[in-house]
1. Rounded to the nearest 10 degrees, what's the angle between the helix A:56-70 long axis and the longest principal axis of chain A, both from Cα atoms, 0 to 90?
2. Please compute, for peptide A:64-72, the average count of beta-carbon atoms on other protein chains lying within 10 Å of each residue's beta-carbon.
3. Determine the distance separating the Cα centre of region B:55-134 from the Cα centre of region B:162-223; give it in Å without decimals.
4. Just tell me how shielded B:100-111 is by partners: mean number of partner chain Cβ atoms within 10 Å of each residue's Cβ, no decimals.
5. Please figure out what share of the DSSP beta bridges in the protein assembly as shown is antiparallel and state it in percent, rounded to the nearest 5.
6. With +1 on each Lys and Arg Cβ and -1 on each Asp and Glu Cβ, and nothing else charged, work out how big the dipole of the protein assembly as shown is about its Cα centre, in Debye to the nearest 20.
7. Would you list A:R72, B:R64 from fewest to most Cβ contacts within 10 Å?
8. Using the charge dipole of region B:9-231 (Lys, Arg: +1 at Cβ; Asp, Glu: -1 at Cβ; taken about the Cα centre), state which of B:Q41, B:S189, B:Y62 has its Cα farthest towards the positive end.
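Values quoted throughout were computed directly from the atomic coordinates according to the rules given, and no laboratory measurement underlies them. Predicted model only: the values in this text are computed from it and were never measured. All Cβ positions, glycine included, derive from the backbone under ideal geometry; neighbour counts span all protein chains shown.
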Amino acid sequence: MAKARVVITLKKTIMDAQGQTVEKALHNLGYEGVQNLRMGKYIEMEVNGALPALSGAEGKDRLAAQLGEMCRKLLANPIIEDFRVEIED
Amino acid sequence: MPTATKMRFGVVIFPGSNCDTDAWHALHDQMGAPVEYIWHQETDLSGFDCIILPGGFSYGDYLRTGAIARFSPVMNAVTDFASRGGLVIGICNGFQILLEAGLLPGAMMRNVGQTFVCKYVNIRVETTDTPYTRAMQKGAVLRIPIAHGEGNYYADAETLAELKRNDQIVFRYCAPDGSITPEANPNGSLENIAGICSRERNVMGMMPHPERCSDPLLGSADGRLVWESLLER
C-alpha cells in the first residue's frame with residue numbers, strides 16, 4: 001500500500017477570487033506581508049492492489065503516472081487547474 | 001396551451017437536481033409538450049428528441065460543480081445522443097455538467113463576488129441560429145432569473161476566438177437596454193457570456209433559468225421563447 005497526496009490549485013494565469021479575498025482578510029488582521037495567496041484543494045489517499053510493485057523507483061513512477069491520470073480525468077479540471085502529486089516514501 | 005408538436009422531452013434527474021420539477025412544469029403544464037423524467041442510471045434515451053439537464057446541486061457539487069455527475073451512467077447515453085445530433089440543453093448545473101463532460105468548451109469557476117447570486121438579470125440574444133433561440137430576435141433582451149454560486153464562465157483565448165468565429169455565444173448578460181457592461185455581469189463571466197452552444201448547435205448550456213420564467217404568474221414569461229423555439233419546427 002502506498003500513501004499519496006494531491007494538491008490542486010487554479011492555474012497561475014487565472015484570477016483566484018477566493019484567494020484574493022482571504023489575502024485581503026489577512027491584511028486586515030495586520031499580516032500585510034502576505035501576497036500571492038492561492039487557494040486550492042488537498043486530497044490524500046491510500047492506494048493498494050492495482051499496481052504490482054509499488055516499492056522502488058519504478059513502482060513509484062507508475063503510481064505517479066496513475067495519479068496524474070486520476071487528476072486529468074476527475075480530480076482536477078485541466079482547463080483551469082494545475083495539480084501536484086506527492087507519494088509518501 | 002397544447003401544441004401540435006410530437007417533440008418528446010426528457011428531464012434527467014441526478015441525485016441533488018432541484019429544478020427538474022420546474023422544467024417538467026414549464027414543458028408539460030405551460031407548453032403542453034410530452035415530457036418524462038429520466039433517472040441518472042438510465043442508459044437508453046431512445047424515443048426522446050430533446051434532453052434537459054436541469055439545475056441543482058448534483059452530487060452535492062462535490063469536487064467541482066458537475067464533475068461527478070458527468071460520470072453518471074446516463075451521461076454516456078447523453079454523449080451518444082448528442083453525437084447523433086440529438087438536442088441537449090443544460091441549465092445552470094446542467095450547463096456545468098456539459099462543460100465537465102466536454103460536450104461544451106470552457107469551464108465554470110466561482111462567482112467573482114464570492115456570493116451565491118439569486119436574482120433576475122437581463123440577457124441579450126446573440127444568435128438566433130440555434131434550435132433554442134430561433135423564435136427570438138437577435139439583440140432582444142430577455143428578463144430571466146439566475147441562481148448560482150459558480151457561474152463565472154472561463155475559456156482560454158483560443159477557445160473564445162473559436163466560439164466567436166463559429167457564432168457559438170448564445171446569450172450575454174446585459175443592461176436593460178441591451179448594452180454589455182461590467183455592471184450587468186453578475187458573476188465575472190468572460191465577456192458577459194451567459195450561454196453557449198456546440199459547434200454543431202444541437203447542445204446548449206445556459207446559466208439563467210428559462211423554466212423559472214415560463215409562466216406569467218411568476219413575474220416573467222420570457223423563458224417560454226426557448227421552448228417555443230424548440231417546438232416551432
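1. Approximately 60 degrees, to the nearest 10.
2. The per-residue average across the peptide is 0.
3. 12
4. Mean shielding count: 3.
5. On the way: 38 of 54 bridges.
Roughly 70 percent of the beta bridges in the protein assembly as shown run antiparallel, per DSSP.
6. 360
7. So the residues, fewest neighbours to most, are A:R72, B:R64.
8. Most positive-ward Cα: B:S189.
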